[in-house]
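Step one of this worksheet: look at the structure below.
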Amino acid sequence: MNKEILVIDDNSDIRFLICNILNEKNFIVRSAANIDQAILEINKKIPDLAIIDIKLDKTDKDGIDLLKLIMKKDNSLPVIMISGHATIQIATESIKLGAYEFLEKPFSTEKIINYVNRALETADLKKEKDLIEGKLFHSFDLIGKSSAISKTKKVIEKLSNIESRVLISGPTGSGKELVARKIHKNSTRIKEPFIILNSSLLKEETYEKELLGQEFPDGNISFGALERANKGTLLIDEVSEIPLDTQANVLRVLIDQKFKRVNGKKDITVNIRIISSTSKNLQNLISQGKFREDLFHRLNVVPVELKPLSERTEDIPLLINYFKKKISELNGVPEADINPYNDHLFTHNWPGNIRELRNLVERVTILSLNETKENINKLMSDILINSNTSDDLNQDYINSFSVPLKEARENFEKEYLVNQLKKNHGNISKTAEFIGMERSALHRKLKSLGIKGLN
């Protein structure tokens, strides 16, 4: 399907020129001469790319203002800003605000086509990556043979033909979102949206805007989670974090199935199934006056309680074998030869539950390429022994997944070798023997990682 591009420029000659160039390359082109027309076109249908002139018709608003509005509506939309009189400061500002590129007038046909193709290609790659990761996540299943997980599966089956509201409780990383997705997937709303509102990530002053949406004086509309989830399912993640004042609005939506956007006057009617999740005890919060009891009873029609991994350790081998396969598919690497019955797996406290176990398997998979089974299991044992056993996962452990493979491996090797040297009081020979390396090879490795002798 041909890509659709929206060209916004108040100069009719330049607008006509750009549209012609794009038409000749078989793009579908729409155009707008001013901000008002642009907003109408965007509200009508989001294009695949927008080209915006910095200087537009209104003296109080320009292309930068339009860029801000577009980013609020869809920050994944690639935008190319153009101008014949812009300063470096304006160009820098537009890039910071989310524009893909800045193009100075006059420009050649070849240059604008190159910019457009690059912007669309980058956007497509990002969408493809998100789609692959999304599909993989959505394909995850509830794995286990414990009585706790068997009970959860039975509840999900019973919920498939009813529309009851569900409250999922359980510690961080225990699979609350996965259960919510399974409930949605098994319901009659499967073809409708599944939207997540993460209460813990929202600021108190912006919560209502994210939930209800917002209307702006210029007529632009920002749709909230309720409208985006219409006809489908809304998961209110960490429902305990909803500000007390906003809880009344949520209660009214549950009762009336309608609401007003922030700064709006018109009632919006929706048909939504609401699933909530919490890692906190809502009954305790009610007694402290931090959560409305009437809202709790409206949400807690069907309770689903997920147990921590430390209470269902018989599921660990099954989960490891499952995650090995999934992570191998995602990263395009061989499955790691992990021993799912390593003693440390059953004595570890698992503060991060299933998520921590999945991260552990991913980390070992990435760092154990071309390693022997013995070294792989030694690696796993060392990670578990050295990991933080508090309720919050070690931040360095979490951050290791946001860097390239080579850097992640070097970071872990450095941490691992420093710890082994400390255990052996800096003795190179003992350390080399324990980790299974030649003494000379260990010396070279320490030098390459910038590790100096330990006192």
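The values are calculated or read from the model by the stated rules, or taken from the named source; none is laboratory data. Quantities reported herein were computed from a predicted structural model and do not represent experimental measurements. Positions of Cβ are backbone-derived with ideal geometry, glycine not excepted, and every protein chain shown enters the neighbour counts.
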(request) Kindly indicate whether any position in the range 158-165 is modelled with pLDDT of 95 or more, under 12 Å from S276 (Cα atoms) and of a type in the set (G, A, S). (result) no
(request) Could you list, in sequence order, all residues of the range 415-426 that are surrounded by 14 or more Cβ atoms within 10 Å (Cβ to Cβ) and either more than 40 Å from the chain's Cα centre (by Cα) or aromatic (F, W, Y) (or both)? (result) Y416, N424
(request) Would you check which residues across the range 407-440 are farther than 17 Å from L379 by Cβ and small (G, A, S) and list them? (result) G426, S429, S440
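Residue-wise test of (1) free of Cβ contacts under 8 Å to residues at least 24 places away in the same chain; (2) out of contact with any Lys or Arg (no Cβ under 6 Å at 6 or more places or on another chain); (3) over 30 Å from E215 (Cβ atoms).
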{"position": "L285", "(1), (2), (3)": "no, yes, yes"}
{"position": "Q288", "(1), (2), (3)": "yes, yes, yes"}
{"position": "F291", "(1), (2), (3)": "no, yes, no"}
{"position": "P303", "(1), (2), (3)": "no, yes, yes"}
{"position": "H344", "(1), (2), (3)": "no, yes, yes"}
{"position": "N349", "(1), (2), (3)": "no, yes, yes"}
{"position": "V364", "(1), (2), (3)": "no, yes, yes"}
{"position": "N370", "(1), (2), (3)": "yes, yes, yes"}
{"position": "E374", "(1), (2), (3)": "no, yes, yes"}
(message) If I filter the range 211-258 down to residues being farther than 20 Å from L167 by Cα and touching a Ser or Thr at 6+ places or on another chain (Cβ under 6 Å), which single residue comes out as surrounded by the most Cβ atoms within 10 Å (Cβ to Cβ)?
(response) G213
(message) Restricting to the range 218-262, and then to whatever is more than 24 Å from F291 (Cα to Cα) and free of Cβ contacts under 8 Å to residues at least 40 places away in the same chain, can you tell me which residue is nearest to the chain's Cα centre (by Cα)?
(response) R228
(message) I'd like the full set of residues that are loosely packed, with under 14 Cβ neighbours inside 10 Å and at negative phi, limited to the range 428-448.
(response) S429, F434, E438, R439, S440, A441, H443, R444, K447, S448
